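Everything on this sheet refers to the single structure shown next.
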Amino acid sequence: MAAPACTTAPVIAVDGLTRRFGPRVALDGVTLRVPRGEVFGLVGANGAGKTTLIRHVLGVLKAGVGSVRVFGRDPVADPVGVLSRIGYLSEENDLPGWMRVDELIRYTRSFYPGWDDAYAEELRRAFELAPAARIGHLSKGQRARAGLLIALAHRPELIVLDEPSSGLDPVVRRDILGAIIRAIAEEGRTALFSSHLLDEVERVADRVAMIDGGRVIFSSDLDDVKQNHRSLTLRFAEARTRPPALAGVLTWAGTGHEWTAVYAGRPGGLASAASECGARIVGERTPSLDEIFFARVGAACVATEEG
Ligand SMILES: Nc1ncnc2c1ncn2[C@@H]1O[C@H](COP(=O)(O)OP(=O)(O)OP(=O)(O)O)[C@@H](O)[C@H]1O
């Protein structure tokens, strides 16, 4: 999954994007960069703003406050220039139910000069889609595979997948992710996908942005995320009813003598602070992306309440 070194302009550049639906703020000052050749995971709970952000990237929604550039272009002003280079799988996966699989492939093919017949056929076989099957009669998982096939087969420079695994069984999930990896492994290809399944993002992404309440609360290279967070269990000499406030600790869980912290900072940074308050570290490990996400969301909520 190693991405090529990225020195070129980002494929997606979002700056200060705010979107309101009536009184509801769906995106709040979002700024992010999706570098070329990387797999970028957008993670957040339902309603966090992932789909709204993707709809701006596709030019379906126009940036009122802030700006969105894809391949350096405004996707609203230049939809053909941008969308012809994107493969998109929507969360709803709204394909025409009356078409057969082979008709869907022929129909979609006509829009894309770069359509790769051999690759489309390879995907059709890998996804076990019968050419004569009616889309409307396919299972949800099969429809997702068909949607993914037509998103991938024109070999787009950028593939955008909104919750590709939503509602699918683990085997299909792996099929879908395998296909994503194949698509992006082609030189210089970029993938942006949203998910609330943190284990899935952890498996495939090079970079993640965590979104909560319309804000990007954290965005980083995945290896850096893992390196810069530790889960540390502290044993205190005295039993405590609440944990101490220690710099770098995002969240605490525990009771009495033992408390576990998700900590962001340099390795070993918590040790001296712990000993100053009569504790020693009795356990240490790398937290999962899931733990980091919830720690970050929790810390962001506390900061908002205090701010
Ligand atoms: N067209 C719309 N009209 C009104 N509110 C909207 C609209 N689209 C999104 N929202 C609201 O904006 C917020 C962000 O929604 P969005 O669909 O972007 O979240 P999401 O992270 O993609 O969640 P999900 O995975 O559930 O789709 C939510 O509170 C949602 O109800």
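The values are calculated or read from the model by the stated rules, or taken from the named source; none is laboratory data. For clarity, every value in this text was computed on a predicted model and none was experimentally measured. Here Cβ is always computed from backbone atoms with ideal geometry, including for glycine, and neighbour counts include all displayed protein chains.
Things to note:
- Here segment 20-56 is the region considered, the condition is being over 17 Å from TYR88 (Cα atoms) and of a type in the set (S, T, N, Q), and the residue that is farthest from the ligand (Cβ to nearest atom) is THR31.
- Scanning segment 69-94 for residues that are out of contact with any Leu (no Cβ under 6 Å at 6 or more places or on another chain) and either among the hydrophobic types (A, V, I, L, M, F, W, C) or not assigned by TED's automatic domain parsing to the domain that holds SER110 (or both) returns VAL70, PHE71, VAL76, ALA77, VAL80, VAL82, LEU83.
- Scanning segment 155-179 for residues that are under 23 Å from TYR107 (Cβ atoms) and either modelled with pLDDT of 80 or more or in contact with a strand residue (DSSP E or B) (Cβ under 9 Å, 6 or more places away or on another chain) (or both) yields a total of 10.
Per-residue answers, yes or no, for (1) under 30 Å from GLY37 (Cα atoms); (2) in contact (Cβ under 8 Å) with a residue 24 or more places away in the chain:
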site	(1), (2)
GLU200	yes, yes
ARG203	yes, yes
GLY213	yes, yes
SER219	yes, yes
ASP224	yes, no
ALA247	no, yes
TRP259	no, yes
GLU276	no, no
ASP290	yes, yes
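- The lone criterion from (1) modelled with pLDDT of 95 or more; (2) near the ligand (Cβ under 10 Å from one of its atoms) left unmet by LEU17 is number (2).
- For segment 160-167, the count of residues that are more than 30 Å from GLY72 (Cα to Cα) and assigned by TED's automatic domain parsing to the domain that holds VAL43 is nonzero.
- Test: PRO96 is surrounded by 14 or more Cβ atoms within 10 Å (Cβ to Cβ) and more than 13 Å from the ligand (Cβ to nearest atom): no
- Selected residue (criterion: surrounded by the fewest Cβ atoms within 10 Å (Cβ to Cβ)) from residues of segment 132-154 that are in contact with a strand residue (DSSP E or B) (Cβ under 7 Å, 6 or more places away or on another chain) and part of a loop (DSSP other than H, G, I, E, B): ALA132
- Enumeration of residues in segment 69-104 that are assigned to a loop (DSSP other than H, G, I, E, B) and in contact (Cβ under 8 Å) with a residue 60 or more places away in the chain: PHE71, GLY72, ARG85, SER90, GLU91
- Flag for GLY59 being on the phi > 0 side of the Ramachandran plot, within 14 Å of the ligand (Cβ to nearest atom) and modelled with pLDDT of 90 or more: no
- A Cβ distance below 8 Å, combined with a sequence gap of six or more or placement on separate chains, defines the contacts here; from segment 130-146, residues that are assigned by TED's automatic domain parsing to the domain that holds ASP94 and on the phi < 0 side of the Ramachandran plot reach residues that are of a type in the set (S, T, N, Q) and assigned to a helix (DSSP H, G or I) in the pairs ALA133/GLN142.
- Output for segment 117-131, where each listed residue is surrounded by fewer than 17 Cβ atoms within 10 Å (Cβ to Cβ) and of a type in the set (A, V, I, L, M): ALA118, ALA126, ALA130
- Selection status of THR18, within 15 Å of the chain's Cα centre (by Cα) and of a type outside the set (Asp, Glu): no
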